[in-house]
Amino acid sequence: MINNHPIGLFDSGVGGTSIWREIHQLLPNEDSIYLADSKNAPYGQKSKEEIIFLSAKNTEFLLNKNCKIIVVACNTATTNAIKELRERYDVPFIGIEPAIKPAATHSQTQTIGILATQGTLNSELFHKNVERFTHTKIIEQIGHGLVPLIESGQIDSKEMSQLLESYLKPMIEQNIDYLVLGCSHYPYLIPQIKKILPQHIQIIDSGEAVARQTKNILAEKVGFRNELTQSEQEFYTNANPMVLSQLLNNQYKVIQEDF
């Protein structure tokens, strides 16, 4: 049996499209609906209660579009709200968390850096994950200002370069050999980050792992895979659609809607 309902994804803004790309590449025949809550970005400085409220609102938007699975394509929303979402809604949820394990496992210097939002770094779920790697020095850095710059289309700006240098140089000085990107917006900064980091420092984000997990969960649910139809991709935003359109290389229609 085939279930041709779409995969739903939401993020605090446009950054979760980095996760959408990985899922679409791995599951090209699946329909998807992406929701960018850019009006409320960034989530990283909001309270846990606000993040849960916004995540529930986004989930209900996607469920009203008949989504069969929800990907929380936002580290802050995952670490603060996914437990409540799973308790409240009868649909599979896929979360996204900083990829600490592969970085800590493979680090030769036993020192890794994590660039993430305040909401992720302060969350209970993040601290539980960090506690598992007592043998590794983990340098945490809040990416203040990065998400607003991405949301306003200033990825290649001088201000972005200056912020990244101020965040990354102290990590380099402490001899990290892995940098974990703990926000789905940040993969769009990899070209900028590579200009600052020495070549030996590896950059890790969670997109590929989330895509594999989405595929696995769909495979476990009888009839959840859709492999027979030509796929359709829908994108919604509650802010100016231009930045989202540009990140998608103007290949897809972006619908602006108040939600």
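The values are calculated or read from the model by the stated rules, or taken from the named source; none is laboratory data. Note that the coordinates shown come from a computational prediction; the quantities given were computed from them, not determined experimentally. Cβ: placed from backbone, ideal geometry, glycine included. Neighbour counts: every protein chain shown. Note: accessible area is taken over every heavy atom of the protein model, side chains too, but ligands, DNA and RNA are not part of it. Shrake-Rupley method; radii C 1.70, N 1.55, O 1.52, S 1.80 Å.
A few notes on this one:
- With every protein chain in place, the stretch 92-202: carbon and sulfur % of accessible area (1.4 Å): 48 percent
- Debye, to nearest 20: dipole size of the chain, +1 on Lys, Arg Cβ, -1 on Asp, Glu Cβ: 360 debye
- Put a dot 7 Å past the Cα of I217, heading toward its Cβ, do the same for K169, and the two dots end up 4.1 nm apart.
- Computed 3J(HN,Hα) for the stretch 41-46, one whole-Hz value per residue from the Karplus formula 6.51 cos²θ - 1.76 cosθ + 1.60 where θ = phi - 60°, is 6, x, 7, x, 10, 8, glycine and proline marked x.
- Around E22: net Lys/Arg minus Asp/Glu count, Cβ-Cβ under 11 Å: +1
- Kirkwood's formula applied to the C-alpha pairs of the stretch 1-69 gives a hydrodynamic radius of 12.8 angstrom.
- Per residue solvent-accessible surface (Å²) - the stretch 100-259, probe of 1.4 Å: 53 Å²
- Kirkwood hydrodynamic radius computed over the stretch 184-226 comes to 12.7 Å, based on all pairs of distinct alpha carbons.
- Ranked by the mean number of other Cβ atoms within 10 Å of their residues, highest first, the peptides 133-145, 245-257, 32-44 fall in the order 32-44, 133-145, 245-257.
- Point-to-point label distance, N250-E50, nm (Cα→Cβ direction, 7 Å offset): 3.5 nm
- Carbon and sulfur %, accessible surface of the stretch 35-74 computed with the full protein complex present, 1.4 Å: 47 percent
- Accessible surface of the stretch 209-259 [probe 1.4 Å, protein heavy atoms]: carbon and sulfur percent: 44 percent
- Cα principal axis extents for the chain, largest first, Å: 53, 37, 35
- The Rg/Rh ratio for the stretch 57-174, using Cα coordinates for both the radius of gyration and the Kirkwood hydrodynamic radius, is 1.03.
- Taking a quarter of the surface of the Cα convex hull of the stretch 9-123 gives a mean projected area of 7.8 nm².
- Per-residue 3J(HN,Hα) values for the stretch 134-143, derived from phi via the Karplus relation 6.51 cos²θ - 1.76 cosθ + 1.60 with θ = phi - 60°, read 5, 7, 10, 7, 10, 9, 9, 9, 6, x Hz in sequence order (x marks Gly and Pro).
- Accessible surface of E173 - all protein chains present, 1.4 Å probe, nearest 10 Å²: 150 Å²
- Signed unit charges on C-beta, dipole axis of the chain, positive-most listed residue N40, L121, N250: L121
- Under 12 Å, Cβ to Cβ, from N122 - net charge with Lys/Arg +1 and Asp/Glu -1: 0
- Proximal charge balance of A239 [Cβ under 13 Å; K/R count +1, D/E count -1]: -4
- Distance between the 7 Å Cα→Cβ label points at E131 and S152: 3.9 nm.
- Each semi-axis of the equivalent ellipsoid for the stretch 120-232 is √(5λ) with λ an eigenvalue of the Cα gyration tensor; in descending order they amount to 31, 21, 13 Å.
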